[in-house]
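Q: Quick one: the structure is below, and I'll ask about it shortly.
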Amino acid sequence: MSMPRVVLVDDHGLFRSGVRAELGRQVEVVGEADDVQPAIDLIGELLPDVVLLDVHLPGGGGQAVVQAVKASHPEVRFLALSASDAPEDVIAVIRAGARGYVTKTISTAELADAVRRVAAGDAVFSHRLAGFVLDAFAAAPEAPSDVKPSFDSELDQLTSREREVLRLIAQGYTYKEIAKELFISTKTVESHVSSVLRKLQLSTRHQLTRWAAERRLA
Amino acid sequence: MEHPDRWHRDQLGHRGPFGRHGPFGLRERRSGHGGPLRREPADRLGGGVAAGIAAWRGFSPTTVRIVFVLVTLVSAGWGVPLYVLAWLFIPATGTDANIFSKARTDAGGIRLAVGLASLLIFVLLVAGALNGGWFISWAWPQVFSVAGLALIWRNGAEEDQATLRHLLEPLGVATGDVRPTRRSALRLVIAGALMAGGLGWLFSAHASLALLRPLGGVLLVIAAIVLALGPWWLRIARDLALERQAKARAEERVDIAARVHDSVLQTLALIQRRADDPQKVIQLARMQERELRSWLFEGRDPDEAGEELTVAGGVRKIQQDVEARYGVPVEAVTVGDCDLDDNLTALLAAAGEATVNAAKWSGAGVISLFAEVEPGEVSIVVRDRGKGFDPEAVPEDRKGLAESVHGRMTRRGGTATVTTAPGEGTKVTLKMPRSSLPAGRT
């Protein structure tokens with residue numbers, strides 16, 4: 001497989017050059033942008049495999065980039081990077097369409113691996129994001145009876161297998177280790193994670209947004 | 001509000017330190033700040049006397065202000081000079097010298113005060129001879145007010161002078177310093193007419209109106225005063241609010257600067273000095289990152305006590321302690337949260353031991369700490385990818401630790417499972433059932 005073509009979007013020049021230097025041999029960094037509008041233009045022009053996207057940008061959140069690009073080029077995949085870990089930011093960018101989220105403290109090898117995974121169409125969850133998702137989909141109190149149940153209730157719940165996989169990710173397991181622990185193939189682990197990502201993006205469950213907002217205040 | 005008798009004595013020259021007698025004997029029921037009486041210019045309407053007394057005695061400033069207005073009404077105007085004297089003699093917050101101690105040496109100020117006071121006395125004598133009625137008896141105490149305000153004007157702090165400038169603004173209109181707009185001129189004309197009508201009504205001696213006289217006259221006078229001075233009062237209130245906001249912003253900036261200086265710059269300096277020790281540098285950066293993160297994104301002061309009252313707080317504490325003491329990063333994830341009881345405190349203690357154990361012995365570069373609060377139980381998993389060990393051949397000193405973790409858990413009805421093998425890392429799974437009364441969110 002050829003090296004994935006990557007565009008870096010981050011307002012910190014220092015961080016961009018650091019990532020470029022570290023990833024240089026494992027992915028092909030084809031362009032860099034430092035704000036929302038330049039990023040949208042550049043991505044539309046270069047059509048990279050993966051966009052490494054900072055959640056925080058001066059001209060609006062990273063989700064603005066995801067939404068704009070997804071509208072015209074749905075094939076471009078996004079991996080969100082953030083230093084803040086604020087759940088509302090992370091959930092927002094994932095729900096906008098990013099295929100994964102990692103923290104900026106991630107090691108170079110893991111970041112390169114995450115980029116390759118996202119390029120191949122898989123989902124990438126950091127241990128912290130896995131914790132967020134478990135928390136957000138935790139056995140919430142029954143919705144009040146005047147609220148109509150969501151159209152597809154299957155989207156609002158995690159299967160017990162998905163829960164297990166997320167727990168292991170939160171404990172720092174790699175996909176390979178999870179496969180070994182649960183006696184399943186790595187491909188199955190990947191499909192579980194992708195399914196969780198789909199639920200996270202498509203669930204109409206209003207608690208998700210509220211949960212993220214409350215989490216910040218707690 | 002200090003007892004009026006006391007103020008009268010102060011006025012007569014008994015100026016010693018302000019006593020600590022509670023006003024109206026309320027000391028036992030209210031709690032003030034317990035320090036000496038100080039004016040609070042930060043929360044002032046005039047000189048900050050009422051706010052100062054309120055903070056001193058634990059009242060609401062509004063209560064103190066209302067009491068003050070009532071005292072002024074009952075004592076025929078003596079409340080105003082009392083206030084001015086308090087302004088003169090009570091030092092502002094954070095200082096120990098009052099305005100009077102400065103005014104004493106200000107010969108020009110004293111001349112001005114005496115001059116203004118004697119001018120007012122002269123005017124009042126003339127007005128008294130012309131039979132000014134109750135108005136004159138209210139005006140006499142203001143001789144002291146005028147003298148006191150003159151001294152404050154000359155010797156007060158920037159804030160005191162600003163307040164006085166505000167208070168004297170209408171005089172500026174009267175003397176032509178400030179040009180009135182057409183609207184304010186119209187307002188003043190109407191106010192003047194109302195005032196004249198009201199005063200005329202008050203002083204007219206028509207017998208048939210004798211009963212209505214005080215009521216109607218006073219109403220007209222009050223309407224006139226509100227109309228003439230209302231906009232100016234509103235502006236004073238707005239300016240004071242703006243000033244308070246600006247002060248709050250400045251304090252916030254100072255707070256952030258202090259934080260950045262105290263911790264971030266210190267850490268950066270330490271990192272530069274320890275550049276040859278990567279382990280130490282990572283440890284410092286992690287510590288600073290965590291501290292800044294909790295301060296910026298979770299609104300929590302890292303030094304704040306009482307964090308350990310919930311499972312998430314306890315997990316954070318373990319993370320901090322282990323990272324600080326052993327320099328091994330701990331990736332902590334908590335799902336859900338609830339308040340601690342005895343069982344959960346034991347669970348956290350066991351998790352702490354397991355984490356310390358991993359940091360000391362495993363040789364792993366990072367330890368995972370995962371806590372999940374479920375309706376029925378709380379589980380914590382401590383995991384490392386270190387060298388692991390053969391459970392059958394544990395050295396004596398480590399066995400002790402493992403047993404204490406195990407013992408802590410089983411005594412409380414929980415379980416502890418250790419999964420390990422040489423070269424495979426170690427995973428300690430701790431589960432503790434929750435007591436029948438779930439508290440907090442799950």
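The numbers here are math on the coordinates, done by the rules we state, and not lab data. If you're wondering where the values come from, they're calculated on a predicted model, not measured in any experiment. FYI the Cβ positions are ideal-geometry reconstructions off the backbone, even for glycines, and counts take in every protein chain you see.
Q: Mind giving me the nanometre distance, one decimal, between the label points for B:GLU377 and A:THR186, set 7 Å out from Cα along Cα→Cβ?
A: Simple spin-label model gives 3.2 nm for this pair.
Q: Mind running the shape call on the range A:1-115? Use the C-alpha gyration tensor, a ≥ b ≥ c as the square roots of the eigenvalues: rounded below 1.5 for a/c, prolate if a/b tops b/c, oblate otherwise.
A: Judged from the Cα gyration tensor, the range A:1-115 comes out rounded (a/c under 1.5).
Q: By per-residue mean of other Cβ atoms within 10 Å, what is the highest-first order of A:120-132, B:409-421, A:157-169?
A: Taking the mean over residues of other Cβ atoms within 10 Å, the ranking is A:120-132, A:157-169, B:409-421.
Q: Next up: For a protection proxy built on the mean count of beta-carbon atoms within 10 angstrom, sort A:46-53, B:182-189, B:81-88 highest first, please.
A: B:81-88, A:46-53, B:182-189
Q: What is the mean number of Cβ atoms from other protein chains located within 10 Å of the Cβ atom of each residue in peptide A:120-127, rounded to a whole number?
A: For this peptide, the per-residue mean of nearby foreign Cβ atoms is 1.
Q: Quick check: net charge around A:GLY100, other residues with Cβ under 10 Å of its Cβ, Lys/Arg +1 and Asp/Glu -1?
A: Surrounding charge for A:GLY100 is +2.
Q: Report the calculated FRET efficiency for B:VAL189 and A:ASP11 (r = Cβ-Cβ distance, R0 = 56 Å), to the nearest 0.05.
A: Working: r = 60 Å, r/R0 = 1.08.
Rounded to the nearest 0.05, the efficiency is 0.40.
Q: Enumerate the amide H contacts of A:VAL124 below 5 Å, restricted to partners 5 or more residues apart or on another chain; note that Pro and chain-start residues carry no placed amide H.
A: A:GLY100, A:TYR101
Q: Could you give the size of the charge dipole of the range A:3-110 about its Cα centre, using +1 on the Cβ of each K and R and -1 on the Cβ of each D and E, expressed in debye and rounded to the nearest 20?
A: In total the dipole reaches around 280 debye.
Q: Divide the volume of the convex hull of the Cα atoms of the range B:36-168 by its number of residues and quote the answer in cubic angstrom per residue.
A: So the per-residue Cα hull volume is 99 Å³.
Q: Cross-link list B:LYS317/B:LYS431; A:LYS104/A:LYS187; A:LYS176/B:LYS427: which exceed 23 angstrom alpha carbon to alpha carbon?
A: Distance filter (> 23 Å) returns A:LYS104/A:LYS187.
Q: Using 1/(1 + (r/R0)^6) with R0 = 25 angstrom and r between the beta carbons of A:ILE106 and B:VAL264, what's the FRET efficiency to the nearest 0.05?
A: Numbers: r = 22 Å, r/R0 = 0.88.
Given R0 = 25 Å and the Cβ-Cβ separation, E is 0.70.
Q: For B:377-385, what's the mean count of beta carbons from other chains sitting within 10 Å of each residue's beta carbon?
A: Across B:377-385, the average partner-chain Cβ count within 10 Å equals 2.
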